[in-house]
Amino acid sequence: ISTCIIAVGFFTSCGNKQEKPVDQTPIVETINPVQSKIRTVIASSGVISNSEEIVLSFKTGGMVESVYAEEGQYVEKGQILARLNTTELDAQLEQAKLNVDKLKRDEYRLSQLVRDTVATLEQLQNAQTVLSSGQQQLRSLEFNRQQAYISAPAAGFILKRQVNPGEFKPPGAAV
């Protein structure tokens, strides 16, 4: 009996049934866009940031005299945003100018003395070196004086203001 059941199961499983082919053509529906008002509220959270944020600072430190921009304000390229009190920078610049004038006089006198063989060529060359050094110091101070202002490098919005008039800001501190 058991062999009969196995044989019947074997012959029935070997049947050659053919399945119907399934239609695989995708159904595509074309819809024309229409304008409408959708009143769906979308709630989300996250941080909004700017891909081109520029942190501004003064090259030299000092007391902030004026701030001309507020958070959220739109500014144009080149617009002055803040400035330092330049009293100390102006004094240093004036000292450097006076020093260069004195060094020019010294160099001229030494060139006359070298011509008259009273001073040596080495003394004249040393005076010329000191004069050149003084002129470079003057250039550096003039540049620093120009950097006492922060102007907008591009048009945009002020994201954060980190300074008020009267505050001391060290060189490079975010303003």
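The values are calculated or read from the model by the stated rules, or taken from the named source; none is laboratory data. Note that this is a predicted model, so its numbers are computed, not measured. Cβ coordinates were reconstructed from backbone atoms using ideal geometry, including for glycine residues, and neighbour counts include every protein chain displayed.
List of remarks:
- Among the candidates 174, 148, 155, residue that is in contact (Cβ under 8 Å) with a residue 40 or more places away in the chain, closer than 18 Å to residue 88 by Cα and of a type in the set (Gly, Ala, Ser): 148
- Residue check for residue 89: surrounded by 11 or more Cβ atoms within 10 Å (Cβ to Cβ), closer than 21 Å to residue 143 by Cβ, at pLDDT 95 or above and hydrophobic (A, V, I, L, M, F, W, C): no
Residues are listed down the side, and each one gets a yes or a no for (1) among the hydrophobic types (A, V, I, L, M, F, W, C); (2) within 30 Å of residue 130 (Cβ to Cβ); (3) out of contact with any His (no Cβ under 6 Å at 6 or more places or on another chain); (4) not in a loop (DSSP other than H, G, I, E, B):
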| site | (1), (2), (3), (4) |
| --- | --- |
| 54 | yes, no, yes, no |
| 64 | yes, no, yes, yes |
| 70 | no, no, yes, no |
| 78 | no, no, yes, no |
| 88 | no, yes, yes, yes |
| 94 | no, yes, yes, yes |
| 100 | yes, yes, yes, yes |
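- Restricting 129, 117 to residues that are loosely packed, with under 15 Cβ neighbours inside 10 Å, part of a loop (DSSP other than H, G, I, E, B) and among the hydroxyl-bearing types (Ser, Thr, Tyr) narrows the list to 117.
- Residue check for residue 77: charged (D, E, K, R) and under 30 Å from residue 53 (Cβ atoms): yes
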